[in-house]
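Taking it in order: structure first as structure tokens, then the write-up.
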Amino acid sequence: MTALAAASYKRILGANNRVQVGFIGFGLIGGQHVHDFKNQPDVDLAALCDVYQPRLEQGIAACGQTAKPYTDFRKMLENKDLQAIVICTPDHWHALMTMLACAAGKDVYVEKPVSLFVREGRWMVDAARRYQRVVQAGTQQRSGKHYQQAKRLIEQGYIGPIMSARSGSFRNVMPGFGSPPDSAAPHDFDYNMWLGPAPSRPYNKMRGLYHFRWFWDYSGGQMTNLGAHEMDIVQWVMHRKGPAAVSSSGGRFALPGEGETPDTQDALFEYDGFTAGYSFREASAGRRAGGSGLEFFGTKGSLVINRKGFEVIPDMKINPENAIPVFQGHPAGGPVREVAAPEPWVEARKEAGSSDEQFDLHVRNFLDCIKSRARPLADIEGGHQSTTACHLANISLRVGRKIRWDPEKEEILGDTAASAMLVRPYRKPWDDVLRGLLS
């Protein structure tokens, strides 16, 4: 199905200029999105799809009883009254649903991480451009006013040239989520449709609904779940398409029971002129050092930012020789220390932020772009690039070595085994659907 021209699309919006939106998935973030779209005055929550009957019923109640229920998203995409689709499924469905929605003439808001593997992200961008669709990634921090202000400060050199950025997420969920045996899927859960393009596996309650996060079949673990937000801000602020090299270490060291993705991981991303680091722990919260937000380090100070706000922490101007330690006495010909009061390079600053506001503004930007046909603030290209950085960290971890990346060509350099992990096969019949979209 070909895309509609922008002029025709605007006519479909109708005289009242309302946008008819359908939602796929009503889990944790799906419920949040229904809430956020409901806050907008020019939206009709017209449809909702879920393969788990209790969630479908919950979602329809949240949307309002006029919303049309679906158990097969393909039927929803056939609904010509819908202009936009919000995809809140597990990661392994994001790309294929986005491409099919674009082909059906729908604009798309897709949650992060936008893809399960690198090549999917490029296919999504190509589909958005081919069908002239607005595709917004769910990297809501870009819509935070204080994130935008912090970006301007860094771009203006307020804390000096940036040479490093660091972030982390730390908690303790010991003893984990258990190790239930395989069993029959619940009668009201369409497990085969839930699996979709992922490999066929026996049903296990740890593989469905929330806990999909711990399996490579459906997710990149916390690196792509949480790291995608932080790396998106790093690359957005620093105007980078991707790293030049990535190295990552970690593993499933502590959490027992079912699960494959790491409970501990440290990744280092190398860019021209600076490095970025992201770490997480699932089994030890510690003092959460580095877990208070993303911190940019410049020559005049640092800027730490999270969804609650940002703070500029100035460095002090000192005589560099005063930074050299003194032990017993001062050796002849050594550094000459000065007695002088240090002063800050820049003024300290603080600005508050609001997580709720970011969600609302992100939805607003998406809706405005549906009407204007402009690119959204978190266009799928940027979502693909930030998710790719996290995929590369996982590839590095799984092959056990640093990988080098060409962000222009989107290729791993000189490593055949690592390059093979940029793409994965789809299960039938979804592999045929994919071939049809790519042809």
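The values are calculated or read from the model by the stated rules, or taken from the named source; none is laboratory data. Just so it is clear, the model here is predicted, and its values are computed rather than measured. Here the Cβ positions follow ideal geometry from the backbone for every residue, glycine too, while neighbour counts run over all protein chains shown. All accessible areas refer to the heavy atoms of the entire protein, side chains included, with ligands and DNA or RNA removed. Shrake-Rupley method; radii C 1.70, N 1.55, O 1.52, S 1.80 Å.
Note on segment 50-107: residues that are in contact (Cβ under 8 Å) with a residue 60 or more places away in the chain, outside any loop (DSSP other than H, G, I, E, B) and either over 20 Å from residue 38 (Cβ atoms) or among the hydroxyl-bearing types (Ser, Thr, Tyr) (or both) total 13.
Yes/no matrix, rows are residues, columns are (1) farther than 24 Å from residue 281 by Cα; (2) touching a helix residue (DSSP H, G or I) at 6+ places or on another chain (Cβ under 9 Å); (3) of a type outside the set (Lys, Arg):
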| site | (1), (2), (3) |
| --- | --- |
| 175 | no, no, yes |
| 180 | no, no, yes |
| 192 | yes, no, yes |
| 214 | no, yes, yes |
| 221 | no, yes, yes |
| 249 | no, yes, yes |
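Taking the criterion of being over 20 Å from residue 309 (Cα atoms), assigned to a loop (DSSP other than H, G, I, E, B) and either of a type in the set (Asp, Glu) or out of contact with any helix residue (DSSP H, G or I) (no Cβ under 9 Å at 6 or more places or on another chain) (or both), no residue of segment 347-374 qualifies.
The numbered conditions (1) modelled with pLDDT of 95 or more; (2) open to solvent by 40 Å² or more (accessible area, probe 1.4 Å) are all true for residue 236 except (2).
Close Cβ contacts (under 6 Å, 6 or more residues apart or on different chains) running from residues in segment 363-380 that are modelled with pLDDT of 95 or more to residues that are loosely packed, with under 15 Cβ neighbours inside 10 Å comprise 373/6. Every condition in (1) under 25 Å from residue 263 (Cα atoms); (2) open to solvent by less than 70 Å² (accessible area, probe 1.4 Å); (3) of a type in the set (D, E, K, R) holds for residue 398 except the one numbered (2).
Residues that are over 13 Å from residue 21 (Cβ atoms), open to solvent by less than 30 Å² (accessible area, probe 1.4 Å) and touching a Leu at 6+ places or on another chain (Cβ under 9 Å) do occur in segment 44-51.
Against the list (1) open to solvent by 10 Å² or more (accessible area, probe 1.4 Å); (2) touching a Cys at 6+ places or on another chain (Cβ under 7 Å); (3) of a type in the set (Val, Ile, Thr), the condition residue 108 fails is (1).
Say we look at segment 303-351 and pick out the residues that are aliphatic (A, V, I, L, M) and in contact with a Lys or Arg (Cβ under 7 Å, 6 or more places away or on another chain); which of these is least open to solvent (accessible area, probe 1.4 Å)? I'd like the intermediate steps shown before the answer.
From segment 303-351, those aliphatic (A, V, I, L, M) are 303-305, 312-313, 316, 318, 323-324, 326, 332, 336, 339-341, 346, 348; that's our starting set.
Those left that are additionally in contact with a Lys or Arg (Cβ under 7 Å, 6 or more places away or on another chain): 312, 346.
Working: 312: 1, 346: 19 Å².
Restricting to residues being aliphatic (A, V, I, L, M) and in contact with a Lys or Arg (Cβ under 7 Å, 6 or more places away or on another chain), the top hit is 312.
Residues of segment 198-233 that are open to solvent by 10 Å² or more (accessible area, probe 1.4 Å) and in a loop (DSSP other than H, G, I, E, B): 199, 200, 201, 202, 203, 205, 207, 216, 217, 226. Annotation: of all residues in segment 14-42 being open to solvent by 10 Å² or more (accessible area, probe 1.4 Å), in contact with a Leu (Cβ under 8 Å, 6 or more places away or on another chain) and not in a loop (DSSP other than H, G, I, E, B), the one that is farthest from residue 77 (Cα to Cα) is 38. Of everything listed in (1) free of Cβ contacts under 8 Å to residues at least 24 places away in the same chain; (2) open to solvent by 40 Å² or more (accessible area, probe 1.4 Å); (3) among the β-branched types (Val, Ile, Thr), the single unmet condition for residue 412 is (2).
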